[in-house]
Amino acid sequence: MDLTYTAEETAFREEVRAFLAEHLPRDLSEKVRLGRPLSKQDHEAWHSILNGRGWLAGNWPKAFGGAEWTATERHIFEEETTRAHAPRIVPFGLTMLGPVLQHFGTKAQQEHFLPRILNGEHWWCQGYSEPGAGSDLASLKTRAVRDGDDYVVTGQKTWTTLGQYANWIFCLVRTDPTAKAQEGISFLLIDMASPGVTVRPIVLLDGGAEVNEVFFHDVRVPVANLVGEENKGWTYAKFLLTHERTNIAGIGFSNAGLETLKRIAHAERDGAGRLIDNPLFAARLARVEIDLMALSTTNLRILSAAARGQAPGADSSMLKVKGTVIRQEINDLTRRALGPMALPFVSEGLEGANDGIAPDYARPVTAQYFNNRKLSIFGGSNEVQRSIIAKQVLGL
Amino acid sequence: MNFTLTEDRQMMQDSLRRFLTDRYSAERRGALIAAEAGFDRDIWRDLADLGAVAALFGEDQGGFGGAGFDIALVFEELGRAGALEPMMEALIAGGLLAEMGHGDLVARIIAGELIVTLAYLEPDGRYDLSPRTTRLTEDRLSGHKSLVGHAEAADLFLVTALGPEGVTLALVPRGADGLSLTAYPTADGMRAAELRLDATPANTLLTGALPLLERHIARATLACMADTLGAMETAMALTITHLKTRQQFGRPLGKFQVLQHRMADLAIELEQARSAVINAAGQLGTNQEARHISAAKNLMGRTARLMAEEAIQLHGGIGMTAEYALAHFAKRMVMADHKFGDEDHHLARFIALSAT
Ligand SMILES: Cc1cc2nc3c(=O)[nH]c(=O)nc-3n(C[C@H](O)[C@H](O)[C@H](O)COP(=O)(O)OP(=O)(O)OC[C@H]3O[C@@H](n4cnc5c(N)ncnc54)[C@H](O)[C@@H]3O)c2cc1C
């Protein structure tokens, strides 16, 4: 046991910090710090800056243009980027699809798609969930029927995050309706410009529209876009989910959120003093900070057990549950901290509309609290994660 | 002890529930929230015709109720339906005006013809009832009031200010000189505004007004809690229905034992919330009022958050969408904690009141 960073790790931290100081654009970090929405161009700009340094794909092997970081290096990178209020890396191509193609894609697919994920030519979205298939993903119904050199795809995906920005979608589709649920599924890459693809936004309770419904009507997809073998898609889907969990604890987000919360608790008045001096509030804040300090180490312990570039095991479900509970608790406390000033609910579309209503820091807080209820629902709900812990970790 | 409603109250509850069920749907509410007016004038007039406003006032004030249980009954129904009309404004401003002897104005409030809203919060004042910077000098008001409910629709503003003789209540008509509003929607689907006053001519109604203000904020706190209770009932009902109908893994979600237990816990908390509101309603106006209001508001803060978060979680993705009815009720009950003092505010107050 040694909780100190090695000389190399410390040097890496310095390097990341220096890079951010020099290359992270101020307008981007200000948007992130103030919780303003990021545009497609904002995300693309930041990806491009990281790609220029070879740091966009920290989890990818060097052979594919990645940085092949260890769990500790990834942790350091996440800590530093969130502390500097850098935009998050959009995960669909980089964390989700990339590793799948690297393990199961053809050489042609790797050579075509991987560089385009890195250079931003392709923006991917995840077409797993359907109206009838959420937690029970294997019950999905979107059909792909072989017709010559194409599949013809018909059906509907939903909750597709940032589908409005994407030009490609990776989908789970049913290729064998007669097989057992998990055995008739294939993993298909679909160009969203194909005729028959329609995207419709879904407005969430915070007023934003980050998710979409995606409809497929007789969409022709070349067989060359099948990943791996037909009817083996479930294996790849599960592989992807384990990779998705490499950053699931969201330690960086929680650290940044806690810092914002403390800033607000120092600024807010409470009676004659400051909110931070209110013992009830201070106790709430301390408790969540204590939880986060421990989770930070739990995160490193679990992730370090996986080799470079490999996905962590089923115990990473613990990180999903605790990590999201802590993030949501920080969101809750931040909302509380505002007192009555959490009530104004001004649409982010109206630039400057909040002027003279509440402090700038108050602006995104309530919407963020409601929006982040999603954290315990998506990426495998916390109930589903608990079932995984019970069955696969505890053997119950 | 008797926990059944009197016949009159039962009738009022039935007719309100029938009326609101008929007039409010998720689509209707969504359209009202999106519109500038923020509520429906026709529904407001009809609510007044049904006697829902009159139920909040005593017979000597031109109403036929006014007790804690009357307030709780009306607001529970409004919360259950997710109604947006300015009943809270009528309760507070109307109640204050009635006690200050302005029966003419109260009669018009009860008839649904006049909207008067109380402006008492100030920026940086958090949940403090006392004015801090708004001043009344020589019959002119200057200052900044926050979160004034339904301000755009109001005909008159009842404003708290520091006057030569302490905390003062003064009346200002809309459109008065030096009065300006910055209006906005609030997260619970209502509308409010920042009210700025710059040497605005005002009519002083009462000095030394803090005790009266405290009494009426207590009534408003009860109303807020009953509204939350109603919203919790609806969230619970929506979630039960969803768990019975949504199928995953070949069976309704409600067949999974882990979800059954979560719902059982919510049912327990909902009954606790109901009892807390009954305690507060029953003690309104007694010397135990403050302690029971704080006890209940603390409990409501905890249970409403639990209900909102669990209802969303157990719905899954659909629970996150603006279009589905749950969104409004979840926001309404969570944001209630930001009105009239939150969970911690009332915990500290309860401890202080219990120590004496
Ligand atoms: C904001 C947001 C973004 C999303 N982005 C994407 C995306 O980009 N791509 C994509 O494919 N999907 C996405 N999703 C979908 C997400 O993965 C699903 O919402 C999730 O899998 C849950 O499915 P569901 O919503 O159908 O809920 P359901 O599966 O109906 O579940 C409802 C509730 O029941 C619980 N439950 C279900 N089964 C069981 C069980 N057996 N035991 C105990 N409890 C159970 C759940 O945990 C949940 O609490 C997103 C969702 C949201 C909210």
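The values are calculated or read from the model by the stated rules, or taken from the named source; none is laboratory data. Owing to the predicted nature of the structure, the values given are computational and were not obtained by experimental measurement. Don't worry about glycine lacking a Cβ; one is built from the backbone with ideal geometry, like all the others, and counts go over all protein chains shown. Keep in mind that these areas ignore ligands, DNA and RNA; they rest on the heavy atoms of the full protein, side chains included. Shrake-Rupley method; radii C 1.70, N 1.55, O 1.52, S 1.80 Å.
Brief remarks on what is shown
- Helices (runs of 4 or more DSSP H) lying entirely in the range B:21-101 (those with 2 or more residues that are open to solvent by less than 10 Å² (accessible area, probe 1.4 Å) and touching a His at 6+ places or on another chain (Cβ under 9 Å)): B:87-99
- Of the residues making up the range A:377-391, those that are within 11 Å of another protein chain (Cβ to nearest Cβ) and aliphatic (A, V, I, L, M) are A:377, A:384, A:390.
- Members of the range B:321-356 found to be within 22 Å of residue B:118 (Cα to Cα), charged (D, E, K, R) and at the interface with chain A (Cβ under 8 Å from one of its Cβ atoms), listed by number: B:337, B:339, B:342
- Criterion: surrounded by fewer than 19 Cβ atoms within 10 Å (Cβ to Cβ) and either within 16 Å of the ligand (Cβ to nearest atom) or more than 27 Å from the chain's Cα centre (by Cα) (or both) - qualifying residue of B:288, B:257: B:257
- Checked against the criterion of being modelled with pLDDT of 95 or more, assigned to a loop (DSSP other than H, G, I, E, B), within 13 Å of the ligand (Cβ to nearest atom) and of a type outside the set (Phe, Trp, Tyr), the range A:190-197 has no qualifying residue.
- Residues satisfying the criterion are absent from the range A:25-33 (criterion: touching a Leu at 6+ places or on another chain (Cβ under 6 Å) and not in a helix (DSSP H, G or I)).
- Here the range A:200-233 is the region considered, the condition is being β-branched (Val, Ile, Thr) and surrounded by fewer than 17 Cβ atoms within 10 Å (Cβ to Cβ), and the residue that is nearest to the ligand (Cβ to nearest atom) is A:203.
- As for the range A:237-247, it holds no residue that is at pLDDT 95 or above and open to solvent by 30 Å² or more (accessible area, probe 1.4 Å).
- Residue match in the range A:103-126 (condition: within 13 Å of the ligand (Cβ to nearest atom) and open to solvent by 60 Å² or more (accessible area, probe 1.4 Å)): no
- Pairing residues of the range B:245-271 that are within 13 Å of chain A (Cβ to nearest Cβ) with residues that are among the hydroxyl-bearing types (Ser, Thr, Tyr) and not in a helix (DSSP H, G or I), at Cβ distances under 6 Å and at least 6 apart in sequence or on separate chains, gives B:248/A:135.
- Flag if residue B:159 is assigned to a strand (DSSP E or B) and open to solvent by less than 10 Å² (accessible area, probe 1.4 Å): yes
Residues are listed down the side, and each one gets a yes or a no for (1) within 16 Å of the ligand (Cβ to nearest atom); (2) surrounded by 20 or more Cβ atoms within 10 Å (Cβ to Cβ); (3) not basic (Lys, Arg):
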{"site": "B:303", "(1), (2), (3)": "no, yes, yes"}
{"site": "B:314", "(1), (2), (3)": "yes, yes, yes"}
{"site": "B:332", "(1), (2), (3)": "no, yes, no"}
{"site": "B:336", "(1), (2), (3)": "no, yes, yes"}
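- Which listed residue is away from the ligand (no atom under 16 Å from the Cβ) and within 13 Å of chain A (Cβ to nearest Cβ), from B:164, B:185, B:211: B:185
- Any pair with Cβ under 8 angstrom, 6 or more apart, that starts in the range A:374-394 at a residue that is in contact (Cβ under 8 Å) with a residue 24 or more places away in the chain and more than 6 Å from the ligand (Cβ to nearest atom) and ends at one that is β-branched (Val, Ile, Thr) and part of a loop (DSSP other than H, G, I, E, B): A:379/A:248
- Of the criteria (1) more than 21 Å from the chain's Cα centre (by Cα); (2) within 16 Å of the ligand (Cβ to nearest atom), which one residue A:172 fails: (1)
- Selected residue (criterion: nearest to the ligand (Cβ to nearest atom)) from residues of the range B:272-285 that are in contact (Cβ under 8 Å) with a residue 24 or more places away in the chain and open to solvent by 60 Å² or more (accessible area, probe 1.4 Å): B:272
- Out of A:278, A:255, sole residue that is more than 30 Å from residue A:192 (Cβ to Cβ), touching a strand residue (DSSP E or B) at 6+ places or on another chain (Cβ under 7 Å) and not assigned by TED's automatic domain parsing to the domain that holds residue A:137: A:278
- Of the criteria (1) within 22 Å of residue B:319 (Cα to Cα); (2) in contact (Cβ under 8 Å) with a residue 24 or more places away in the chain, which one residue A:136 fails: (2)
- Unmet criterion (only one of (1) away from chain A (no Cβ under 14 Å); (2) crowded, with 24+ Cβ neighbours inside 10 Å) for residue B:145: (1)
- If you filter the range A:356-376 down to residues that are within 8 Å of chain B (Cβ to nearest Cβ) and open to solvent by 30 Å² or more (accessible area, probe 1.4 Å), you find that the one that is modelled with the highest pLDDT is A:374.
- Checked against the criterion of being within 14 Å of another protein chain (Cβ to nearest Cβ), away from the ligand (no atom under 14 Å from the Cβ), in a helix (DSSP H, G or I) and of a type in the set (S, T, N, Q), the range B:294-301 has at least one qualifying residue.
- Within the range B:304-318, if we keep just the residues that are without any contact (Cβ under 8 Å) to a residue 60 or more places away in the chain and at the interface with chain A (Cβ under 8 Å from one of its Cβ atoms), the residue that is farthest from residue A:321 (Cα to Cα) turns out to be B:305.
This table checks each residue for (1) more than 14 Å from every other protein chain (Cβ to nearest Cβ); (2) near the ligand (Cβ under 7 Å from one of its atoms).
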| residue | (1), (2) |
| --- | --- |
| A:134 | no, yes |
| A:139 | no, no |
| A:142 | yes, no |
| A:145 | yes, no |
| A:149 | yes, no |
| A:156 | no, no |
| A:167 | yes, no |
